[in-house]
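Q: Before I ask anything, let me first share the structure, which is written out below as structure tokens.
The values are calculated or read from the model by the stated rules, or taken from the named source; none is laboratory data. Predicted model only: the values in this text are computed from it and were never measured. Here the Cβ is made from the backbone with ideal geometry for all residues, glycine too, and neighbour counts use every protein chain on show.
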């Protein structure tokens, strides 16, 4: 009686153990999410782009040609002006006094010349009557010549003084817009000290800053694609000026991109983006630098199989590294899906889940 019960208990225990084994869940597969990129044809890559602002082709720093105290500000920032329009005025008091003095000097010189000429006429009459010698007449002629020279000198000084008085008024050199005005009343300025900036009407350009590693690409570019932040159709530009020395603050090189065609509708200070033309890669493929796996001096990338979503390690040839990208000379075909993040955490034939690019 005991043996059948023992057998029955063992049978029930085996069934329970088998049921427990069947209920245990299977270990989940190690599927790692990855980011990826699709290798392109390698025929060309988008060129670099630089942010800039719309500036006038001709920008003039205006200054008084004489020193003095500003007594009137006749134009402000952003105001449109015409050629010859007064922008600011200095106190002309001292220059008007000098002008009066020069006028008096000229009047005295002209009076002396008239007296010398009258004396010369009398000397010649006396010479005809043999009352004086020829030497005395010659001496008087020399006095007339000296008096005439003093008149010319006084006239030149008067003209210069008039110019100095006129220079107390700062006028616009051309039609345009005042982009800066610093000549406030009460300010004492020196001759040649910039007090205003005039952005002349006409052609417009984009001012950009070029890093040193892009100088050759900018110089060799045949044209540029210019887009405005406000929208609108893209414009075409060309390199007009590239500085030979870097800006001491930014360590970049200022450049000017001239906009071809009618650019008069562009407003000064607008934000623009300048893009270099697409560059040829000579059949090479460019991948993000993060896609490269280095092991024991060799280079690899992980390629994802479209059907199984498993990765395989491919040896590649690195042609060059530029910034955040690497040029691949072989081993990867156009259209291959290449893992771009976490390449050191993968193993061969591991299944992955593709994340959005």
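Q: Taking the stretch 322-341 on its own, how many of its residues are loosely packed, with under 12 Cβ neighbours inside 10 Å and in contact with a helix residue (DSSP H, G or I) (Cβ under 7 Å, 6 or more places away or on another chain)?
A: Matching residues across the stretch 322-341 total 1.
Q: Here is a further query. So which pairs qualify, if the first residue must be in the stretch 296-317 and on the phi > 0 side of the Ramachandran plot, the second must be assigned to a loop (DSSP other than H, G, I, E, B), the Cβ gap must be under 9 Å, and the two must be at least 6 apart or on different chains?
A: Matching pairs, first to second residue: 309/31.
Q: Here's another thing I want to ask about it. If a residue has to be over 23 Å from residue 349 (Cβ atoms), at pLDDT below 80 and outside any strand (DSSP E or B) to count, how many in the stretch 280-336 make the cut?
A: Matching residues across the stretch 280-336 total 6.
Q: Six or more apart or on different chains, Cβ under 8 Å: which pairs go from a residue in the stretch 52-68 that's at positive phi and in contact (Cβ under 8 Å) with a residue 60 or more places away in the chain to one that's assigned to a strand (DSSP E or B) and buried (at least 19 other Cβ atoms within 10 Å of the Cβ)? Could you list them?
A: Matching pairs, first to second residue: 68/90; 68/189.
Q: May I ask you to list the residues in the stretch 125-135 that are touching a helix residue (DSSP H, G or I) at 6+ places or on another chain (Cβ under 8 Å), exposed (fewer than 13 other Cβ atoms within 10 Å of the Cβ) and either assigned to a helix (DSSP H, G or I) or touching a residue at least 40 places away in the same chain (Cβ under 8 Å) (or both)?
A: 134
Q: Test each condition in (1) under 24 Å from the mean Cα position of the chain (by Cα); (2) more than 28 Å from residue 82 (Cβ to Cβ) for residue 155 and report the one that comes out false.
A: The single condition residue 155 does not satisfy is (1).
Q: Let me confirm something: among 243, 249, which residue is free of Cβ contacts under 8 Å to residues at least 24 places away in the same chain, over 21 Å from residue 219 (Cα atoms) and under 17 Å from the mean Cα position of the chain (by Cα)? Spell out the reasoning first.
A: Values: 243 fails: over 21 Å from residue 219 (Cα atoms).
Every option except 249 fails the conditions.
Q: Identify the single condition in (1) within 30 Å of residue 192 (Cα to Cα); (2) surrounded by 17 or more Cβ atoms within 10 Å (Cβ to Cβ) that residue 116 does not satisfy, given that it satisfies every other one.
A: (1)
Q: Let me ask something else. Does any residue of the stretch 97-118 turn out to be more than 30 Å from residue 203 (Cβ to Cβ), touching a residue at least 40 places away in the same chain (Cβ under 8 Å) and assigned to a loop (DSSP other than H, G, I, E, B)?
A: No.
Q: Report, by residue number, each residue of the stretch 257-279 that is part of a loop (DSSP other than H, G, I, E, B), at pLDDT 85 or above and surrounded by fewer than 18 Cβ atoms within 10 Å (Cβ to Cβ).
A: Of everything in the stretch 257-279, those that are part of a loop (DSSP other than H, G, I, E, B), at pLDDT 85 or above and surrounded by fewer than 18 Cβ atoms within 10 Å (Cβ to Cβ) turn out to be 260, 267, 268, 269, 270.
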